[in-house]
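**Student:** Have a look at the structure that comes next, please.
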Amino acid sequence: MGKKNLYALAALTGFIVVLPLVIGNPYYLGIFIFWGIYSLITIGLSLLIGYTGQISLGHAAFFGIGAYTSGILSTRFGLSPWIGMIAAIFLAAGLAFVIGAPALKLKGHYLAMATLAFGEIIYIVFNQWISLTGGPSGFGGIPAFSIGNFSLESDFSYYYFVWGIVLFVFLASINLIHSRVGRALRSIHGSEVAARCMGVNTSGYKLKIFVFSGALGGLAGSLYVHFVTFVSPGTFSVMFSIVLLTMVAVGGMTNIWGAITGTAILTILPEYLRAFQDYDILIYGAVLLGIMIFLPEGLVLGVFNIMRKKIILREVEEEKLKLKKSR
Amino acid sequence: MNPLLRIEDLRKEFGGIVALEGVSFTVIPNIIKAIIGPNGAGKTTIFNIISGIYSPSKGKIWFKEERIDKLSSHLIAMRGISRTFQNVQIFNNMTVLENVMIGCHPWTRSGFFSCVFKTKGNYKEEKKIYSRAMELLEFVGLADKRSLFPSSLTFQQQRLIEIARALATNPELILLDEPAAGLNARETIKIAELIYRIKEEGISILLVEHDMDLVMDISQEIIVLNSGRVIAEGNPREVQNNEKVIATYLGEKEFVKDKKP
Amino acid sequence: MSFFSQLLQYVFTGVAVGAIYGMVALGFNIIYNATGIINLAQGEFVMLGGMVMISLTTGLKVPMILGFFISVGIVTLIGAVIERGAIHPLKNPSVMTLIIITVAASILLKGGAMFIWGKQTYTLPAFSSSTKPISFGEASLNPQTIWILGIMAASMIVLAIFFNFTMTGKAMRACAANKLAASLVGVNVKLMVLLSFALSAAIGAVAGIIITPVALMDYDRGTMLAIKGFATAVLGGLGSNIGAVIAGFIIGLMESLGAGFISSSYKDAIALLVLLFVLFIRPGGIMGTTGEEKFKK
Ligand SMILES: Nc1ncnc2c1ncn2[C@@H]1O[C@H](COP(=O)(O)OP(=O)(O)OP(=O)(O)O)[C@@H](O)[C@H]1O
Ligand SMILES: [Mg+2]
């Protein structure tokens, strides 16, 4: 990991630690928790889409599988949420393996459609397998995590718990990107044929990163369900897969930091825009379209680049002026 | 001497179009062997089959006495065959250095776990990869460009990155697909030197090239391909005097010994 | 009801929805052939066709036939605007960008529809509402089904004439066969892309208008229609119009028979499973080639 990343990570950690101390409002604390939970999924998506170049329009399904697994095990079977969490991760990963193995042989539009269809199928199952999932209205009464006798029920403690996990996953992902495996993943994005000819087992790596991102989705689902204590299928529709994609795109797909920033923007901002509540789809559509057309590097990098270009242009102009005067 | 690579009766069809038919040849260790032939003769297709991108419709390929025609590309690369591409296939989303570091993939081991947790073994391996990649960048003369992205380099420099990347796999055989295409005379001479230096390292080179000066100067053996069939094989002098070859190239400016500006 | 009349009843339903899937698949094919893009907003054209028609005929009391043509015209225009606004400005877009752009266009249209029409479900009177269902024993054929099949056939004929006998249609086919060659002989490729979006929006709108009297319509229908239409297109061999029609009936029948005899709760999953199955096993579809290289590129 480069020095830049190390400082940035330290700054992020500091920010995360201080945030709830500055903004104590429990309502915002809840939003920051969602920010953390969604970030887990978007980090995985960033690795999959931005770095490896493989699209998924069905990641809400892994989130949902995690939520239902953890929720069902801890209510219906009375198991500890921790067991639920582990089961959530493994089930989501297993499902990612089963669907990813054939799907990742496809490219581009076909992969997009296959993952979209997969997401829809899982969504239908959530709605229709009523005996297990409670159908469209879902079920509640899901317990919170606890460590020994200490319950993580309070938002304050849960915030640190979630963000502890997020920062760990984030650090792990940054390490991964700047490593032998990370280079292999990026090479697949660059040119799959060339990657293969350099000895990179591209289908193996694609599957591994798909499973990894699926597992992160499952983990996020478990963290989600023990926080809101209630689960229903609406949360895991294909629309949410697209919202996740929008988060990654807004932050900038080609940089893992984009996952966290994009998620922050699209989790926190809507809370300030009342209009968002009713017309969220319209706004997400407009934002996604606008970003893809005008700022394909994402909001942060895109704006930064535009500013830099402006500054450089101004400097060039000044140089020219100086040259003229000196003549 | 045992051949390094042996190809027997290779045939490739693309939906009815026969691109290769009955192609057989061998490559011995530490040699520069060229495949020449007019456009569409099937030269790149041979490379694509050797490197496992296409599977042959018929025929067998051995590398060091092992059948490789059923292996997938990455396994072939691991066996010791590396290549460059006619239409440069560089990784534009990575720095020059990282492009070459990818080449070190076949002889390194770090998996997900050791990469995520930066284990000691991973740290050591990363150091090895770094120094090998730097060594190769120096070998092709691009060490000072290491932290740039390939898109900001010239076409020739991108070609050199591809060669360095291919060498990083520690190959015993390297397939170069038109390394001098689009280069001027001075750049071509440099490439020729480079190819010679690669051979000095004990690596065999299979070269596809349209620049006849270059081919005749540096290769010890030449295969001439026309419409997917081998029409002549031998050393440069034999090939140049072969009537079939002359007939094939009649009117083609490439065979006339003059240099593009 | 006897087994046979039950079967017949399901076949009638299956044929009607199958025709719609076939038409959505045609829409996919038109854009795919001209541009290589899979337009994920295809389902929204269908939804919009139905919605606009509803507003015109039940809201503004525009006569049925006039309403039909105005609705198709409006949606065609929307298709063209999408192309000009979202596809045209891109320079050398990657496949990834195109996918995300059409997804964005899709949810933008969906959001727009929700903004205008809200979340409720709308109905549209049948085209010949006076006619009684035609009975075949205990089963009965909804007259709208005949309209659906008739209008589908008419659209197919119009498309066939357009592609085979008009200069523009031939130019579009040339474009599909080889873009570079087409542009060399003077075909305006960019214009053909625009036309393909307009045309595919138009056919989507027609499908939406004719299905609404039997299937109702709301803002949220697009995605599912798009996936099912895509399943149809892939089953029929992407780019093949005859394949699309045949596959449409196959999927429509599978769906209605599956819903009738097996379980209606998983009805929507059937087409999706077919899609996954075809993509994983035989990406060329039933009518298409098995050319893996093309589909796995
Ligand atoms: N993927 C493919 N699908 C269909 N046909 C192909 C494919 N690849 C190559 N061909 C055909 O095979 C023949 C040989 O092509 P190849 O690229 O091997 O020629 P080449 O000798 O490398 O020519 P050049 O000197 O122009 O590079 C050509 O007719 C080409 O059109
Ligand atoms: Mg070639």
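Every read-out reported here was derived from the displayed coordinates using simple, explicitly stated rules and does not represent laboratory data. Keep in mind it's a predicted model, so treat the numbers as computed, not measured. Don't worry about glycine lacking a Cβ; one is built from the backbone with ideal geometry, like all the others, and counts go over all protein chains shown.
**Student:** Given Cα pairs under 8 Å that are at least 6 residues apart, what percent is the relative contact order of chain C?
**Tutor:** Numbers: 485 pairs, mean separation 110.7, N = 297.
37 percent.
**Student:** Comparing C:Ile30, C:Ile134, C:Ile148, which has the greatest mean-square fluctuation in the GNM of chain C with Cα pairs linked when under 10 Å apart?
**Tutor:** For chain C, modelled as a Gaussian network with Cα springs under 10 Å, the answer is C:Ile134.
**Student:** Helix C:189-215 sits at what angle to the longest principal axis of chain C, using alpha carbons and giving 0 to 90 degrees rounded to 10?
**Tutor:** 10 degrees
**Student:** Compare B:Ala166, B:Ala247, B:Ala41 in a GNM of chain B, Cα atoms joined below 10 Å, and give the one with the largest fluctuation.
**Tutor:** Between B:Ala166, B:Ala247, B:Ala41, it is B:Ala247 that shows the largest mean-square fluctuation.
**Student:** C:Ser128 to A:Ser131: FRET efficiency via 1/(1 + (r/R0)^6), r the Cβ-Cβ distance, R0 35 Å, to the nearest 0.05?
**Tutor:** On the way: r = 44 Å, r/R0 = 1.25.
Once rounded, the FRET efficiency stands at 0.20.
**Student:** Quick one: check the C-alpha center-to-center distance for segment A:63-83 versus segment B:1-75, whole angstrom.
**Tutor:** 55 Å
**Student:** Let me ask you something else. Just want the ordering: A:Phe63, A:Phe139, C:Phe261, from fewest to most Cβ atoms lying within 10 Å of their own Cβ. Don't skip to the end; give the middle numbers.
**Tutor:** Working: A:Phe63 31, A:Phe139 17, C:Phe261 12.
Going from least to most buried by this count: C:Phe261, A:Phe139, A:Phe63.
**Student:** How big is the gap, in Å, between the Cα center of segment A:180-198 and the Cα center of segment C:10-27?
**Tutor:** Value for the Cα centre distance between the two parts: 43 Å.
**Student:** Just rank A:His189, B:His105, A:His59, fewest to most, by other beta-carbon atoms within 10 angstrom. Can you show the working numbers first?
**Tutor:** Numbers: A:His189 21, B:His105 25, A:His59 33.
Least crowded to most crowded, the residues run A:His189, B:His105, A:His59.
**Student:** On to the next question. Roughly speaking, what is the stretch gain from A:Phe90 to A:Tyr160, that is 0.36 nm per residue apart minus the C-alpha to C-alpha distance, in nm to one decimal?
**Tutor:** Working: separation 70, 0.36 × 70 = 25.20 nm, distance 2.37 nm.
Once the chain is fully extended between A:Phe90 and A:Tyr160, it gains 22.8 nm.
**Student:** Each residue of segment C:70-82 in order: what ³J(HN,Hα) in whole Hz does its phi give by Karplus 6.51 cos²θ - 1.76 cosθ + 1.60, θ = phi - 60°, with x for Gly and Pro?
**Tutor:** 5, 4, 4, x, 5, 5, 4, 4, 4, x, 5, 5, 4
**Student:** Okay, next question. For each of A:Ile122, C:Ile116, count neighbouring Cβ atoms within 10 Å of the residue's Cβ, then give the residues from fewest to most. Show your work: numbers first, answer last.
**Tutor:** Numbers: A:Ile122 24, C:Ile116 12.
Fewest to most other Cβ atoms nearby, the residues stand as C:Ile116, A:Ile122.
**Student:** Relative to the first principal axis of the alpha-carbon coordinates of chain A, what is the inclination of helix A:256-272, with its axis defined by its Cα atoms, in degrees from 0 to 90 and to the nearest 10?
**Tutor:** 70 degrees
**Student:** Okay, moving on. How high is the relative contact order of chain B, in percent, counting Cα pairs under 8 Å that sit 6 or more residues apart? Each step should come with its number before you reach the end.
**Tutor:** On the way: 472 pairs, mean separation 67.7, N = 261.
Rounded, it is 26 percent for chain B.
**Student:** Starting from the Cα of C:Asp220, step 7 Å toward the Cβ, then list every residue of segment A:220-244 with an amide N under 16 Å from that point.
**Tutor:** A:232-243
**Student:** Within segment C:184-227, whose backbone N sits under 17 Å from a point 7 Å along Cα→Cβ of C:Thr97?
**Tutor:** Correct set: C:190.
**Student:** Now for a separate question. Please state the charge dipole magnitude for chain C, taken about the Cα centre, from unit charges on C-beta atoms (+1 on K and R, -1 on D and E), reported in debye and rounded to the nearest 20. Could you put the intermediate results ahead of the total?
**Tutor:** Numbers: 17 positive and 9 negative charges, 125 e Å.
The calculated dipole for chain C is roughly 600 debye.
**Student:** Continuing with the same structure: Decide, for chain A, between rounded, prolate and oblate: order the square roots of the alpha carbon gyration tensor eigenvalues as a ≥ b ≥ c, take rounded if a/c falls under 1.5, and otherwise choose prolate if a/b is larger than b/c, else oblate. Don't skip to the end; give the middle numbers.
**Tutor:** Numbers: a/c = 1.82, a/b = 1.42, b/c = 1.28.
Prolate is the answer for chain A, as a/c is 1.5 or above and a/b outweighs b/c.
**Student:** Let me ask something additional. Round to a whole angstrom and tell me the spacing of the C-alpha centers of segment C:162-238 and segment B:201-226.
**Tutor:** Here the answer is 50 Å between Cα centres.
**Student:** Next up: To the nearest whole number, what is the average tally of beta carbon atoms from other chains within 10 Å of the beta carbons of peptide A:83-95? Provide the component values of the computation, followed by the final result.
**Tutor:** Values: counts 0, 0, 0, 0, 0, 0, 0, 0, 0, 0, 0, 0, 0.
The shielding value for this peptide is 0.
**Student:** Separate question: How much net charge surrounds C:Lys179 when only other residues with a Cβ under 13 Å from its Cβ are counted (Lys, Arg +1; Asp, Glu -1)? All intermediate terms of the calculation are to be shown ahead of the outcome.
**Tutor:** Details: positive: C:Arg173, C:Lys190; negative: none.
Net of charged neighbours comes to +2.
**Student:** About the Cα centre of segment A:212-327, how large is the charge dipole given +1 on each Lys and Arg Cβ and -1 on each Asp and Glu Cβ? Please answer in debye to the nearest 20. All intermediate terms of the calculation are to be shown ahead of the outcome.
**Tutor:** On the way: 10 positive and 8 negative charges, 181 e Å.
Result for segment A:212-327 is approximately 860 debye, rounded to the nearest 20.
**Student:** Quick check: pseudo-label points 7 Å beyond the Cα along Cα→Cβ at C:Phe165 and C:His88, how many nm apart are they?
**Tutor:** 3.1 nm
**Student:** Something else now. Nearest-5 percent of antiparallel DSSP beta bridges in the protein assembly as shown? All intermediate terms of the calculation are to be shown ahead of the outcome.
**Tutor:** On the way: 26 of 42 bridges.
If we restrict to bridges inside the protein assembly as shown, about 60 percent are antiparallel.
**Student:** Follow-up question, since we're still on this one. Could you tell me the calculated FRET efficiency between B:Ser24 and B:Asn170, based on Cβ-Cβ distance and R0 = 30 angstrom, to the nearest 0.05?
**Tutor:** Working: r = 28 Å, r/R0 = 0.92.
The computed FRET efficiency comes out at 0.60.
**Student:** May I ask which residue of B:Ser147, B:Phe112, B:Leu137 lies farthest towards the positive end of the charge dipole of segment B:90-170, with charges of +1 (Lys, Arg) and -1 (Asp, Glu) on Cβ and the Cα centre as origin?
**Tutor:** Looking along the dipole axis, the top candidate is B:Phe112.
**Student:** What do you get for the angle between helix A:202-228 and the principal long axis of chain A? Use alpha-carbon atoms, 0 to 90 degrees, nearest ten.
**Tutor:** Orientation of helix A:202-228: about 60 degrees from the principal axis.
**Student:** Oh, and also: Suppose each label sits 7 Å from its Cα in the direction of the beta carbon; what would the C:Phe115-B:Glu8 distance come out to in nanometres?
**Tutor:** For C:Phe115 paired with B:Glu8, the spin-label model returns 7.0 nm.
**Student:** With each pseudo-label sitting 7 Å past Cα toward Cβ, what's the A:Arg308-B:Thr95 distance in nm, one decimal?
**Tutor:** Taking the two extended label points, one gets 1.4 nm.
**Student:** Charges only on Cβ, +1 for Lys and Arg, -1 for Asp and Glu: so what's the dipole of the protein assembly as shown about the Cα centre, in debye to the nearest 20?
**Tutor:** Working: 72 positive and 53 negative charges, 230 e Å.
Here the protein assembly as shown has a charge dipole of around 1100 debye.
**Student:** Using just the Cα positions, wrap the protein assembly as shown in a convex hull and report its mean projected area in square nanometres, one decimal place. Don't jump to the answer; show the numbers that get you there.
**Tutor:** Numbers: hull surface 183.0 nm².
Projected area, direction-averaged: 45.8 nm².
**Student:** Normalised by the residues of segment A:3-294, what does the relative contact order come to in percent, with Cα pairs under 8 Å and at least six apart?
**Tutor:** On the way: 440 pairs, mean separation 101.6, N = 292.
Here the relative contact order equals 35 percent.
**Student:** Where Lys and Arg each count +1 and Asp and Glu each count -1, what net charge lies around B:Glu125 among other residues with Cβ under 9 Å from its Cβ?
**Tutor:** Details: positive: A:Arg180, B:Arg109, B:Lys124, B:Lys127, B:Lys128; negative: B:Glu126.
So the environment of B:Glu125 carries a net charge of +4.
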